[in-house]
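Report on the structure given below.
Values in this text are rule-based calculations from the coordinates and carry no lab data. Note that the structure is predicted; figures quoted are calculated from it, not measured. Positions of Cβ are backbone-derived with ideal geometry, glycine not excepted, and every protein chain shown enters the neighbour counts.
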Amino acid sequence: MTGSPFLDSLRWLGDSAHWTGPGGIPLRTLEHLGYTALGVLVAALLAVPIGLYVGHSGRGKGVAVAAAGAARALPTLGLVTLFALLVGIGLTAPLLSFVILAIPSLLAGAYSAVESAEPATVDAARAQGMTEWQILTRVELPLGMPLLVGGFRGATVQVVATAMLAAYVGSGGLGRYIFQGLGSQNYPQMIAGSLLVIALALVLDLTLLLAQRLTAPPGVRAS
Amino acid sequence: MIGFENVRKEYPGGTLAVQDFSLEIASHESVVLVGTSGSGKTTLMRMINRMVDPTSGRVHIDGDDVTSLDPVQLRRSIGYVMQASGLLPHRTVLDNITTVPVLRGTAKREARTHAHELMEIVGLDAALAERYPSQLSGGQQQRVGVARGLAADPNILLMDEPFGAVDPIVRAELQRELQHLQRDLRKTIVFVTHDIDEAFLLGDRVAILRPGGIIAQVGTPQEILADPADDFVSSFVGADRGARTLHVERVDGRDVVVDADGRPAGVLAASGDRSAGEGAADGRTRERSS
């Protein structure tokens, strides 16, 4: 190939041979989305209940903030390598890393969602005779839903942009193009892989932004 | 009947909100707790529905110690109207009013029918039913708050400075309507305010509190004005400034009632003329203190 690697990468993307078969772009994109969804969902199962509890009770906030900060500081490539050494090549090591990557945003989203309800509103709900569970599910969560979705948005974009590391330890996803290209010095393919990841991240970001708008509670002016 | 027996409330850190408070409130009576901030008046009121539990002492309702009752069930059985309405911002007027009945298991349709009646009783236009609180004026929000407090037909209504955040004209209107309402409904009302005129207007009895929930004087407005217990009470009700010492001056053939500072307080009704009706209690007390 000749000319600029960027144009070559577009040519690579335009090549219909790359859009079919087990190594084709649609399948790799699905794998990539699958890793992302799995990482974010497992992280959500851990982080959202804890975040809701911290936000509702006000207890353990210092610990949660410190843990989220510490998790943010961990280099994901290092984690993937470390876990791969511990559990071997495959999907487990990158997934564990994605879960750790996704937890801080989800935790922060969940507790800030619950905390965002006016204390006077929560007090009034309690004084009317709502149980703590009813206060959480009927007052705090509906009012804070955009912030919770915002946590999912942050986590999803981070994980989708990092999920190419799965290919680094032998799994699939769009990272395949990048690491294969790196190995064979096929820069157009590397750039094409990167462009696909960027496009996917943008699409997910905009979709979840829309979800944030749609979950804004009625009757409350956009904050 | 609501009873406070030697109630004390101390917060962690040593703040003493209430020292030693005892008071009995009869059924169907309206009692106003009045005092400045730090007098513990809201703390005391919130002990009735267990939003606050006393450090020591007892609060009982019809003989039952409230600490033996489930707080959630207790709160659903007591109406609560608060300052700045405390409405749920993401729910419509109708859904706010039906909050407690729905929590108590009333069928939604039945609760909504009743809510429409309540809206009429508290003077809310039916067209507002599907509005959100942010789309209402302050006065309308307070009316919704009152309707919500009444929705489960509680025997007891707690009102925490409910009219504190609205302008004086709307406040006077809401006070007058509450008087009408109380004439028909005869709830046991515990009302908290820092406004002595509001207290005298709405209370069958008024308890004037010093800081720390100490009762400076409790009695009917007439008793308090006629015989303030001490300088604190005199100062609180304005008797020391001459605001409660009225005399009659004749201006253009009418009897004008003037306070000790020369500020006109009103005109003297012709004998047998009770058309000033609404403010009768207030008017009487002022006449008596002259």
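Set the Förster distance to 45 Å, then compute FRET efficiency between A:L82 and A:Q185 from the Cβ-Cβ distance, nearest 0.05. Computed FRET efficiency for A:L82 and A:Q185 comes out at 0.95. Each principal axis of segment A:1-97 carries a Cα extent, and these read 60, 30, 27 Å when sorted largest first. Once the Cα atoms are used to define both axes, helix A:175-184 deviates from the longest principal axis of chain A by about 30 degrees. Using the Kyte-Doolittle scale, find the helices of chain B whose mean hydropathy is at least -1.0 and whose Cα atoms extend 24 Å or more along the helix's long axis, counting only whole DSSP H runs. Answer set is B:168-185.
Could you pull out which residues in segment B:180-220 have an amide N less than 15 Å from a spot 7 Å beyond the Cα of B:A265, following the Cα-Cβ vector? So the set is B:196-198, B:200-201. Here the label points at B:S235 and A:R213, each 7 Å from Cα along the C-beta direction, are separated by 6.0 nm in the simple model.
Rg and Dmax of segment B:2-237, based on Cα coordinates, read 17.8, 55 Å.
Convex hull volume of the Cα atoms of the protein assembly as shown, normalised per residue: 223 Å³.
Only helices enter the 222 nm calculation for chain A: every DSSP H run of n ≥ 4 contributes -39,500 (n - 2.57), and dividing by all residues gives -25000 deg cm²/dmol, rounded to 500. Taking a point 7 Å from the Cα of A:L7 along the Cα-to-Cβ direction, the residues of segment A:190-204 with backbone N closer than 20 Å to it are A:190-193, A:195.
So the label point goes 7 Å from the Cα of B:E10 along Cα→C-beta, right? Which residues of segment B:37-64 then have their backbone N under 13 Å from it? Under 13 Å, as judged by backbone N against the label point of B:E10, lie B:55-57 of segment B:37-64. Compute the Cα gyration tensor for segment A:145-210, then decide on rounded, prolate or oblate, letting a ≥ b ≥ c be the square roots of its eigenvalues: rounded whenever a/c is under 1.5, prolate when a/b is larger than b/c in the other cases, and oblate in all that remain. Taking the square roots of the gyration eigenvalues as a ≥ b ≥ c, segment A:145-210 is prolate. Mean per-residue shielding of peptide A:210-220 is 3, counting Cβ atoms of other chains within 10 Å of each Cβ. Placing a pseudo-label 7 Å from each Cα along the Cα-to-Cβ vector at A:L27 and B:T55 gives an inter-label distance of 7.3 nm. Full extension of the chain between B:D195 and B:D20 gives 60.7 nm of extra length, using 0.36 nm per residue less the Cα-Cα distance.
Note on segment A:159-186 and segment A:53-124: Cα centroid distance 25 Å, given to the nearest whole angstrom.
Orientation-averaged projection of chain A equals 14.7 nm² [convex hull of Cα atoms, one quarter of hull surface area].
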